[in-house]
């Protein structure tokens, strides 16, 4: 039978990859909250915050995507594959969201809020997939 | 490297999102321009001028006219003023203190800078003199330096007014001066925070009592917040004696050049309208500036067309907004205006010249030329006529970008080009006899330009 200790993960996520992957969530969340604040107050500064938070999220997403691509070299199925696909989706949606945030003033609304909400959900799912293999006994 | 990749991606996407190339543009000239529905793709449509040198070329002028470069090598040549003795003052400089506020500002700044001159801001007034009247301006002196992005120029009596980007200044001027006799006196401070649109245009009432200062908005469409728009997008009337000001017209997004109509004393302006709602919105315009009028920015354009980007909306202001007089076409970037004189020939005897710096927010460029808007009975009448062209090739190669236009009453059109930093001078090939009357140093007179007895 299995000689591996069942409490040890089948494979671990690299700590740097973990930081990048997990970092996308608060940044995209901040972007969404700032969008909601702009949408309700019409105070321009919130949309500037949203623009920068999403730009920061895109940097994290980009490097996390790179990490996921490297992880795919070892395992091309299961959680790592799902994590990569979801990160790719987050990157594409986040890029569109960034362009929408580059529209002047209210021209970004309501598209910006809707896109920020969608991309946040995708980023949460990608992070979930990325860390799911850490659970004891999980198979890659 | 990363930035380059981003720019390349943006440029490619922008090209893909352009307006359909072979569709004719709607009619955008005159009092009733066609205004399509507003439209904005994922990225703003962009086509940035590609600067190339003039070489042996020069701008194209109508048959019967010639054009020469009378001086070059300026630190961003933007506006000119012809003094009573025929000397030309050139305002040199580039202003604005805005810092990038959004990720977009970094990228857009890099892209747009590709289409402009990289010369250092001169921050001075240069005087050009043609003492013998042969059309060659052999003398060149620095009239005043250590200015702060000077732009608007006006001479009334013995006072030369200069609009820096942050203050209205006054120099004493005596005919024949080649440099200012002393430091300037500050008439009043001008709104200078951020200075997204930094150019302070200037005109003086004929009696010299009032100065009119055009102050552009601090954003395209309030994307820096409404707080920074206090005292922006308006024309001030400044009391020359006290420096006190009051708003003369408001909601006028970027009044880049002002001129007083000869005879009537009416103030006219060319105004740059808003971007990023389509290739054919919103037309820049030429208008007689009505005292106390509100021209719509930011809540509406061309009268009551609501711009939903400016929030919260203001239906009362929209209702108040008046329509300007004459559309010049969208994104042409009208930066110069000057009333003509019969000495420039019968075709251009009555009307205004408009210098068009040229577009960025269109896949098919507009502007990049000097046009003439004919007048009849003191009002614009008819379509604009191309006067000076050849600044840009169809492939985007751009040799010059016209800014200020000034009419020399002896029969010449002076054009400031801030890409090649050249001053161009267009004259009738055969001197129009009536224009020969004034001699150097004599004050110009309106009465010795009869419309008859011209060679055309």
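Some values worked out for this structure:
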read-out: Cα gyration tensor shape of chain B, rounded if a/c is under 1.5, else prolate or oblate by comparing a/b with b/c; value: rounded
read-out: Dimensions (Å) - the protein assembly as shown, Cα atoms, principal axes, largest first; value: 113, 53, 49
read-out: With Cα atoms, 0 to 90° folded angle of helix A:111-132 axis to chain A main axis; value: 10
read-out: Chain lengthening between residue B:389 and residue B:99 when straightened (0.36 nm per residue, less Cα-Cα); value: 101.0 nm
read-out: Unit Cα scatterers, Debye sum, the stretch A:15-132: log10 I(q)/I(0) for q = 0.15 Å⁻¹; value: -0.58
read-out: Alpha-carbon centroids, the stretch B:138-161 and the stretch A:60-111: separation in whole Å; value: 55
read-out: Tilt relative to chain B, helix B:2-16 - C-alpha long axis, 0 to 90 degrees, to 10; value: 90
read-out: Helix B:103-113 axis, angle to chain B major axis (alpha carbon atoms, nearest 10°); value: 40
read-out: B:99, B:369, B:47 arranged by Cβ crowding within 10 Å, fewest neighbours leading; value: B:99, B:47, B:369
read-out: Fewest-first ranking of A:111, B:275, B:164, using other Cβ atoms within 10 Å as the exposure measure; value: A:111, B:275, B:164
read-out: Structure-based [θ]222 nm, chain B - -39500 (n - 2.57) summed over DSSP H runs of at least 4, per residue, nearest 500; value: -2000 deg cm²/dmol
read-out: Separation of the residue B:304 and residue A:88 label points, Cα + 7 Å toward Cβ, nm; value: 5.3
read-out: Mean separation of Cα contacts under 8 Å, 6 or more apart, over the residue count of the stretch A:15-132: relative contact order %; value: 35
read-out: Order of B:76, A:70 under a 10 Å beta carbon neighbour criterion, fewest first; value: A:70, B:76
read-out: Chain B: relative contact order in percent, alpha carbon pairs under 8 Å with at least 6 residues between; value: 17
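Coordinate-derived values only; no laboratory data. Note that the structure is a prediction, hence the values are computed from the model and not measured. A quick note on method: Cβ atoms are made from the backbone with ideal geometry, for glycine too, and the neighbour counts reach across all protein chains shown.
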